[in-house]
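The values are calculated or read from the model by the stated rules, or taken from the named source; none is laboratory data. In this text, all values refer to a predicted model and were calculated from it rather than measured experimentally. Glycine gets a Cβ as well: all are built from the backbone with ideal geometry, and neighbour counts include every protein chain shown.
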Amino acid sequence: MPYASSAIPPGSVFIKGGRIIDPASGRDEVADLLIENGIISNVTSAPSGVPVVGAQGRIVSPGLIDMHVHLREPGGSQKETIASGTRAAAAGGFTSVLAMPNTTPVADGPNTIALMRQRAAETARVNVYVSGCITVGMKGEQLAPIGSLYKAGVVALTDDGHCVQNNELMRRALDYARMFDLLTLDHCQDYELSAGGVMHEGYWSTVLGLPGWPRIAEDMIVARNILLSELTGARVHVQHLSSKDSVRLVREAKARGVRISAEAMPHHLALTDAAIEGYDTRFKMNPPLREKIDQDALFAGLADGTIEILASDHAPHASYEKEVEFADAPFGIVGLETELGLFQKLLIDGGVLDWPTMLAKLTINPARLLGLDRGTLAPGAPGDVTIIDPALPWQVDSAKFDSLSRNTPFDGWELPGRATHTIVSGSVVWNLE
Ligand code: DOR
C-alpha cells in the first residue's frame, strides 16, 4: 500500500450526531463515529477520556483528497512550502493531497522523491502523496526512471505544467506505467496549436488583443491519450478538463471501456474567459478559462459520471510574480481553501449533484484511482474525517489564507458552507471553532 507522509501522530476522537456520508459503502445516516488510535472503529459509544466533537446539523465525510496540488517544495518557498500548503489543505477540509512534481529541482528521480517525503514526514499537517515526472527534467525528451520512482513511493506519474508532445515517448511511458499499474496524469496541451497562447482563443481574446490557447490544443492530446490507453492498456487520467469537446471524447471512450478518467476544477466551473476583461492576472491559469458552452459540458460530465474527480490545481504564485502584465504572469491560482465552498455552491446548491455523489469525487474516487487505503469511513480504515457545515456562509478573504500565496480570483465571494474540522488519523488538525 502506498505510503503517506505526514507529521501527525495518531489520535482518538468521538464525533457525535452528524450526518455520516460514506460514498464508498452508500452509508448516509445520522449516527456517531469513533476513531480510536488513528483508525475508524465499529464501536459507537465514547470510551472515557476520548475527546468529543459535536457534529449535529453537519456532514461527517471521509477525509477529502485533492489529487492535484502544487506544494512548491523543494525550490519554491516564496510561493508555498509543504508546511504552509498542508496547513491550507487542512483549513480547506483536505486530509490528503497529491503533490505535483514540477518543483525545483523537478521530482524526476528517487532522491527528490525521498526529500519530499522526508520534509512531509517532518512538517506536513495532512497526508502527502507524491507523484513523479514522466520525463527527465520534464523536458519531454527522455523517460524518467519509472521503476525507481515507483520504488521510491510515487503513486502517479505526470509532467503536469508540461505535456509530453512526442507520442512515441508517451506510448513507452504508458507501457512502463502499466507494468506497475501506476496512473499517468496528463496535462493535455498541444504546443503547436496553443503556441504563445495566454487565454482561451475566442471572442474575448480578440477583444483584449491577447494570444489565444484554443480548445483543440487540449482535445488533440485527450484524443491521443485515449488511443494510447487503448493500445497499451495503461490507465490515463486527464487533468483539469476545460473543453467541451474533451468532455465528449472522454465520455465516448469510457463507453467503449477505455481506462481513462478525468477531473474538473472549481475555476473552470465558476468562471468564463469574460472575467479577463480587466486583464487581472488572478484569472490566468493553464488550461485557461473558457466559455459558457464549456462550463455546461463540464457540469453535464460531472452529472453523468464522465468526470469522476474534483480537485483544485492549487498553484500558488507570489504577488510580485503575478503583479505584472497579463501576458507575462505565470499561470495558476490557489484553490485549497476555497474549493469545498465553491463546489457546494456550484454543484450542490446549483442542483447538479447530491452530497454523496459530490463527496465520492473528493474521497473514494481519487483513493481508488491512486490505490490509496483511504477515502472511506469503513471500520479499520485510517481515521481521516472532514466535518462540513453546509449552512455556514462565509466570505473569502485571501489575507486570511494559510497558504503563503494570495492569487485567487474568488476574493470577496460569498460561499455557503465550509469544513469545521479536519481530522487526520484521529487527530484534529483544523478546527474552525
Ligand atoms: O495554471 C497552472 N499552474 N496550470 C498548470 O498546469 C501548472 C500550474 C503551476 O504549476 O503553476
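With the condition kept exactly as written, say whether any residue in the range 54-68 is within 16 Å of the ligand (Cβ to nearest atom) and not aliphatic (A, V, I, L, M). The answer is yes, given that some residue of the range 54-68 is within 16 Å of the ligand (Cβ to nearest atom) and not aliphatic (A, V, I, L, M). Candidates in the range 98-108 are the residues that are in contact (Cβ under 8 Å) with a residue 40 or more places away in the chain and more than 11 Å from M138 (Cα to Cα); of these, the one that is nearest to the ligand (Cβ to nearest atom) is M100.
Within the range 387-433, being under 24 Å from A275 (Cα atoms) and assigned to a strand (DSSP E or B) holds for W394, Q395, E414, L415. For the range 354-365, check the following and say yes or no: at least one residue is under 19 Å from V429 (Cβ atoms), surrounded by fewer than 22 Cβ atoms within 10 Å (Cβ to Cβ) and either at pLDDT 95 or above or over 19 Å from the mean Cα position of the chain (by Cα) (or both). Within the range 354-365, none of the residues are under 19 Å from V429 (Cβ atoms), surrounded by fewer than 22 Cβ atoms within 10 Å (Cβ to Cβ) and either at pLDDT 95 or above or over 19 Å from the mean Cα position of the chain (by Cα) (or both).
Out of T112, T103, T123, I need the residue that is in contact with a strand residue (DSSP E or B) (Cβ under 9 Å, 6 or more places away or on another chain) and of a type in the set (S, T, Y). Which one? Walk me through how you get there before you give the answer.
Working: T103 fails: in contact with a strand residue (DSSP E or B) (Cβ under 9 Å, 6 or more places away or on another chain); T123 fails: in contact with a strand residue (DSSP E or B) (Cβ under 9 Å, 6 or more places away or on another chain).
Step by step, each of T112, T103, T123 is checked, and only T112 is in contact with a strand residue (DSSP E or B) (Cβ under 9 Å, 6 or more places away or on another chain) and of a type in the set (S, T, Y).
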